[in-house]
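The structure appears below as C-alpha cells.
The values are calculated or read from the model by the stated rules, or taken from the named source; none is laboratory data. What you are looking at is a predicted structure, and each value in this text was computed from that prediction instead of being measured. FYI the Cβ positions are ideal-geometry reconstructions off the backbone, even for glycines, and counts take in every protein chain you see. To get the accessible areas, we keep the full protein, side chains included, count just its heavy atoms, and leave off ligands, DNA and RNA. Shrake-Rupley method; radii C 1.70, N 1.55, O 1.52, S 1.80 Å.
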Amino acid sequence: MAPRLKLEKLKSPVAFPSAVARTERGLWLSSHDRPYASASGPWVLSFSSDLGSWREVLRHSTALPVLCAFGGVVVRGWPEATDVRWSVDGATWSEVLLPKAGVRLAEDGAEGLWAFDGTGAWRRRRDATTFEPAPLEFVPDRLVACASSTFFGQQGRWLLGESATPIPTLKRVQLQQAVSIGDLVLVRGDGVWFSKDGGRSFVAVSMGSREALHLAVVGAQFVIGCRGALLAGDGASFTPVSENDQAEFASVVGAGGGALIVDPRRARLFSLSENGAALAFGPAAPPAPAVNGELAEVEALLAAAEAPLLAKGEGSLDALRAQAQRSEPRGGWQPHLVYLDALQDAGDPDASVMAALNRLQQGPQFDKHLAAHLFQLVAAPILGRVHTFKWRGGFIDSASVAPAQIAPLLERPSGHLLRQLHVSGVDDGGDVSVLGRALRGLHRLVLDGFVWSDDDVLEGHEWGDLSTLWPALGQLRTLQITGAVSRLGRLLLPRCDRLTLAVDQLPSVEVPRTPGLRVLELAWQGGAAGAWLSSWLERPMPALEVVRLAGQLDEVAAVLVRSGLVATCEALDLSGSELSDAGLDVLASVPWPALRSVDLRWNRLTSAGLERARRFAPAVKTEHQAADSQLLWPPNWAR
C-alpha cells in the first residue's frame, strides 16, 4: 500500500508565485509582480534555506530560465542577455563560461550541465570548472536527463545514453522532463510515459483528459502536477491526491517525504507530505560549530540575561515573551499563540486586534483589505508614520524604521517578536541600544547609516557604541552595519551566517566569535587595517565561503594569506580596493584550494599583473584597471 500523501495550503511569501526549484542549500521561488494572466510583469527570484524566511536575490523585466547545477542555480540572460550566472544561495554570482555562443543548456541529472547546438555537445560535470566535448558519435538537437538516465533527441527520435540506444516507443514524442526512482523512469512530453528498465522501453500512462504540467518524486512515489488535479502513484498507475477544476499544479519539487507545489493560476503554495511527516527541504542545518566554546559561552550569556525574566514565574508575561522570542516561527508556532493569549488575559489594548489579525491570516478566506485595516490600527500608534513592515500571526515580523521610531516600536506588544529590522540613519534621534534589551529573537538586523546630504554628499550616520547589543542578540543570522561606529565591542554571534561592516574609520573591536559565518563583508576608509583585520580573522571560521573586502588591500594582503579564510573561501571580491601587482603577488603566493571566483575590477593592476591574475582562480573579473584608481566608496555591495 502506497503511503498516504497530504496536501496543505501554505502562506505564500510572494504575491504571484510561478515556479519552484530545489538545490542542496534550499529553495528557489520564481514569481511575478502581476497576476498570472499578465505574466509580462517584473520577474523575481527568491531564495530560502529553511522554508521559514525568504529573500529576494534577483529581479528582471522578463522571466529568465533557471537550471539547477553545481549545487546551486544557473540563470541565463542576466545581467545582460548573453550572460550566464551561477549561485548557491543568491548572495554572490559567478560567471559560467560557455563552450560556444548561442548554445542551449540542459541539466544533466547529476548536478552538472550539458551544452549543445547543431554542431556538437559539451558537458561540464559538477566538480569541473569548464565544459568538455562530449564523446558522442552523433549530434543531439534535444536533451532531457534525470538521475539515472540521459535521453538525447536527434531528428525526431530519442536515444538512451552515450551508447545511443534507440527508444522506439518515444519516436516523435516531444520530451520535456524526466524523473526516476532507481530503474523506474517517468517522462513527460506528449502525455506521460513510464519505464521499468531504466529508459530502454516505455509504456504510456493513462491520463484521461488531464494535461501533465510537471513531474516530481516524493518519497517512494511519483507525483504528477496537472491542470485540475494532483496525481501520485508507482508509475504504472496513479490516483488523485487533490482534484479542483480551478487548480493548476504547474511546479512540483520533492525532497524526501515532502514536496512544495506552486499553483500560479490561483497564486498559491502547497505542501505535500507523506503520512503527515513534517515538510523539510535540503540537508538538515547543522548546529553552528562550537569553536573554542563560543556557542556555549553565548548560550550562557543569553541564559543569564533571561534569568530575571524567567525568575518572575513560568507563566508570567515576561517569561512567555522570552520563550516566544527564542522559538522558531514554524508550523503552528505555539509559543507565540500562548503569549498572545496571555496578553489578551492581561487586558492589553492591542491584543484583541492582534488576535483578529492572527485568525484572519490562518483562516481559509484571507481578506487583504480587512487585514490592512486591522494592521493599521496596531501599527499607526507605534510607527507614527508609515514605514515598510510585514506581519505574522498578529505580530510585526519585519519592519523598516528610523532610529527615533525604534523605542515606540518595541514598547507595544505587537513589536515584541520582531525577527527582521532595518534601521535607516535618517535622523539624529533614537537609541539603538534598546534593541539589546527588547529583541532577543531578532534574526536579521540592518543598521543602514549611509545618508545623502542636501548637497549630494554621502555621509555616514554615527551609530556610536554598539558593544551592549551582542550579548542579547545571539540569535542573529544576518548583521549589516554601514556608516560610523565608535565601538563595536565583542561580537558573540555563533549562528550568524552573514556579516557586513562598512565604516569610515575602523571601530574598536575585540576578537569576534562568529564560527558559523559563511559570508563576510568588510570595508573601511581609514585606521590601522592590518592589526585590526588580523584580530578579526584570528578565530577559526570553518564555514566561511564568500569574502568581500574594500580598503587599501596592499596593506593587508599578508594578513589575509596567513588567515584561515584561505582554506575555505570560494568567492573573493576585492574590487575597488587600490590593489596593485605587489599586493596580488602576495595573495597568489599561497594556494586557495576552494577558490572558484575572484573579482579584481577597478584596481591598479598592470597588464603583467592581469596575466597573473587570470591564473588566480577558475573565474576572474579584471575590468577597469587604472594606475590612479581610487577606493570605491562605499563599495557596491554595501549600497
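Quick notes on this one:
- Solvent-accessible area, 1.4 Å probe, carbon plus sulfur percent, for region 149-228: 48
- In this label model, residue 174 and residue 119 are separated by 2.8 nm, measuring between points 7 Å along each Cα→Cβ vector.
- Taken along the Cα-to-beta-carbon direction at a fixed 7 Å, the label points for residue 97 and residue 612 span 2.0 nm.
- Two-site FRET efficiency, residue 433 against residue 397, from Cβ-Cβ distance with R₀ of 22 Å, rounded to 0.05: 0.45
- Region 142-234: chymotrypsin sites (Phe, Trp or Tyr not before Pro) falling in loop per DSSP and having at most 10 other Cβ within 10 Å: none
- Alpha-carbon Debye profile of region 12-137, log10 I(q)/I(0) at 0.11, 0.18 Å⁻¹: -0.40, -0.96
- Full-stretch length increase - residue 344, residue 164 - with 0.36 nm per residue and alpha-carbon distance subtracted: 57.8 nm
- A Förster distance of 60 Å, applied to the separation of the beta-carbon atoms of residue 626 and residue 318, puts the FRET efficiency at 0.55.
- Counting 0.36 nm for each residue step from residue 132 to residue 352 and taking away their Cα separation leaves a gain of 72.8 nm.
- Long-range Cα-Cα pairs in region 509-639 (distance over 24 Å), rounded percent: 21
- Residue-by-residue Karplus 3J(HN,Hα) for region 263-270, coefficients 6.51, -1.76, 1.60, Hz, glycine and proline x: 10, x, 4, 9, 6, 10, 10, 10
- Probe 1.4 Å - accessible area at residue 532, Å² to nearest ten: 30
- Under-5 Å amide H pairs with residue 10, H placed in peptide plane, nonlocal only: 269, 270, 271
- Available extension along the chain between residue 196 and residue 34 is 54.1 nm, counting 0.36 nm per residue and deducting the alpha carbon span.
- Residues whose amide H lies under 5 Å from that of residue 190, counting only those 5 or more places away or on a different chain, are 174; hydrogens are built 1.01 Å from N in the peptide plane.
- Residues in region 147-175 that a label on residue 104 would reach, taking backbone N under 15 Å of a point 7 Å out along Cα→Cβ: 151-159, 172-175
- Spacing of the modelled spin labels on residue 24 and residue 141, each 7 Å from Cα toward Cβ, amounts to 3.7 nm.
- Per-residue packing, averaged as other Cβ atoms within 10 Å, sorts the ranges 409-421, 92-104 into the order 409-421, 92-104, beginning with the highest.
- Shown in residue order for region 138-149 are the 3J(HN,Hα) couplings computed by the Karplus curve 6.51 cos²θ - 1.76 cosθ + 1.60 at θ = phi - 60°: 9, 10, x, 10, 8, 7, 9, 9, 9, 5, 9, 8 Hz (x for Gly and Pro).
- Rounded to the nearest whole Hz, the Karplus-based 3J(HN,Hα) values (6.51 cos²θ - 1.76 cosθ + 1.60, θ = phi - 60°) of region 612-625 follow the sequence 5, 4, 5, 9, 5, 7, x, 10, 10, 9, 9, 5, 6, 9, with x at glycine and proline.
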